[in-house]
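A.B. asks: Please see the structure below; I have some questions.
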Amino acid sequence: MFKKEEFKRDAQDFINWMTEYLEHVENYPVRSQVNYGEIRNQFSSKPPLRGESINLIFNDFKEKIMPGITHWQSPKYFAYFPANSSPPSILAEMLTATLAVQGMKWITSPAATEIEELVCDWLRKMIGLSATYSGVIQDTASVATLCAIIAAREKVTNFQSNRKGLGTEVLRVYCSTEAHSSIEKAVRIAGLGSDNLIKVEIDSVGRLVSKALEARIETDITSGYKPACIVAALGTTGVCAIDPIAMIGEIARKYNIWYHIDAAYAGSALVLPEFRESIKGLEQVDSLVFNPHKWMFTNFDCSMFFVKDKIHLQNTFRLVPGYLQTGNGTEVNDYSNWGIQLGRRFRALKLWFVIRNFGVEGIRQQIREHIELAVYFEKELRKQSKFEIILPRTLTVVCFRLKVDKQILSADSDRINAELLEKINNTGRIYISHTIFQGKYTLRFVCAQTYTEKRHIDEALEVISECTDALNY
Ligand SMILES: *Cc1c(COP(=O)(O)O)cnc(C)c1O
């Protein structure tokens, strides 16, 4: 039975805590400082036989769970890519949790499907894709890319592989050596075999070399392979390299290969006209994914997947058993036919709240501010002669490392930079991460957290400098 007064009291406690948390989130150690097992071992290994009060559980949450939290919403979070949030998104998530609908089909909650159609269309316009594209929200970029690769597999086999299996033809997928691991995972799961993922060489700033791609496709065709899909990166995870989108598009068209773009982080910047204009050839792509849960102030998980021809996707994923057949058949849109999962959360609601509450201009302004902060960080870091900037900044990603004496071996230089990273993150004052680029251990600073301001960048510069001075090398 629903106990109104109890629920209201508990909910108000939670909301008070949430408000305090967000107000003071920058005071927590950004990266959790616990050791493995420390959190779990505080609790009995037996599940409680009798129910416990919300108050008691909530107290344990505050005292025993919180130390094991890494604060992704801290304005001093500069690691990996952010998993952003914002007040309208949090509030919408509360409504989603309260309604707890399962929007597998239009009829199981018409608003869930229709608001998803609406926000996908808004976002399509916001990033400047033509009306030939339609969108669906997936949980993650990994799953959207998997859907793209499976649809590509189906299309290139005339929609036979779902039914008959792969047969004797060997399909190939292409990406750069800097592409995200989710592409290799997708190729494995799609049954193509990771040996058939061809990782094409990159240039000095991390972009796929399109001539090398074409040469590889030519050899593969001559050797009897069937090219199925090219995945280009619009912003690699390591250094945010942007592959030559237009040139790769021409190759995809020439050889009639499905062209997918992984824009997981950088795709949000397509809302800026000045950035959108610098990306030519986006209209050649068959599919594109980007994550509003990274850089568009929307709670994880929320990944935006666009396809040029939704029929290919639906022909790949539609499967309607008797118990799911409804009277409205093909007149309505059932999003469960657009991907892997049947059951679907009402994810569109938080995006609808975010876009309405920020407004397109508000989103643009915040993204521009992040870029300006990254420009500032890069400029200030260059002034400290201890560091070298590994390659020019793209959007908010700055890659750098400590300069070490020429006499020091490169393995030692990698170790020293890894020590520096550990020292920085152990302070709890900021959190940054690293990548390996062109074989070198490289520190990576990403400035795209919702609440980051200039003073947080100044603190980051201070922490990096202090930790460097404290290093023995
Ligand atoms: C983060 C990232 C992914 C994976 O995103 P998920 O939504 O966590 O699956 C894929 N590609 C790139 C380029 C990324 O930066």
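A.B. asks: Any chance the stretch 3-11 includes a residue that's surrounded by 11 or more Cβ atoms within 10 Å (Cβ to Cβ) and of a type outside the set (D, E, K, R)?
C.D. replies: Taking every residue of the stretch 3-11 in turn, at least one turns out to be surrounded by 11 or more Cβ atoms within 10 Å (Cβ to Cβ) and of a type outside the set (D, E, K, R).
A.B. asks: Considering only residues that are outside any helix (DSSP H, G or I) and either among the hydrophobic types (A, V, I, L, M, F, W, C) or free of Cβ contacts under 8 Å to residues at least 60 places away in the same chain (or both), which ones fall in the stretch 72-101?
C.D. replies: Scanning the stretch 72-101 gives Trp72, Phe78, Ala79, Phe81, Ala83, Ala100, Val101.
A.B. asks: Go through the stretch 402-432 and count every residue that is open to solvent by less than 10 Å² (accessible area, probe 1.4 Å) and assigned to a strand (DSSP E or B).
C.D. replies: Within the stretch 402-432, residues that are open to solvent by less than 10 Å² (accessible area, probe 1.4 Å) and assigned to a strand (DSSP E or B) number 1.
A.B. asks: Determine whether the stretch 361-382 contains at least one residue that is within 26 Å of Lys310 (Cα to Cα), of a type in the set (S, T, N, Q) and open to solvent by 10 Å² or more (accessible area, probe 1.4 Å).
C.D. replies: There is no residue in the stretch 361-382 that is within 26 Å of Lys310 (Cα to Cα), of a type in the set (S, T, N, Q) and open to solvent by 10 Å² or more (accessible area, probe 1.4 Å).
A.B. asks: How many residues are open to solvent by 10 Å² or more (accessible area, probe 1.4 Å) and assigned to a loop (DSSP other than H, G, I, E, B) if we restrict to the stretch 109-128?
C.D. replies: Count: 2.
A.B. asks: Does the stretch 167-178 include one or more residues that are away from the ligand (no atom under 16 Å from the Cβ), touching a Ser or Thr at 6+ places or on another chain (Cβ under 8 Å) and either assigned to a loop (DSSP other than H, G, I, E, B) or open to solvent by 20 Å² or more (accessible area, probe 1.4 Å) (or both)?
C.D. replies: yes
A.B. asks: Here's something else I'd like to know. Looking only at the stretch 263-277, filter to residues that are outside any helix (DSSP H, G or I) and out of contact with any Cys (no Cβ under 8 Å at 6 or more places or on another chain); which one of those is farthest from the ligand (Cβ to nearest atom)?
C.D. replies: Going through the qualifying residues, I end up with Leu272.
A.B. asks: Take the residues of the stretch 19-40 that are assigned to a helix (DSSP H, G or I) and either modelled with pLDDT under 95 or under 17 Å from Asp60 (Cβ atoms) (or both): which is least open to solvent (accessible area, probe 1.4 Å)?
C.D. replies: Tyr21
A.B. asks: While we're here: Name the pairs whose Cβ atoms lie under 7 Å apart, with the first residue in the stretch 182-204 and more than 20 Å from Ala144 (Cβ to Cβ), the second basic (Lys, Arg) and open to solvent by 10 Å² or more (accessible area, probe 1.4 Å), and 6 or more positions between them or separate chains?
C.D. replies: Short answer, once both residue conditions are applied: Asn196/Arg172; Ile198/Arg172; Ile198/Arg216; Val200/Arg216.
The values are calculated or read from the model by the stated rules, or taken from the named source; none is laboratory data. The structure presented is a predicted model; accordingly, all values stated were derived computationally and were not measured. Don't worry about glycine lacking a Cβ; one is built from the backbone with ideal geometry, like all the others, and counts go over all protein chains shown. Ligands, DNA and RNA are excluded from the accessible area calculation, which covers all protein heavy atoms including side chains. Shrake-Rupley method; radii C 1.70, N 1.55, O 1.52, S 1.80 Å.
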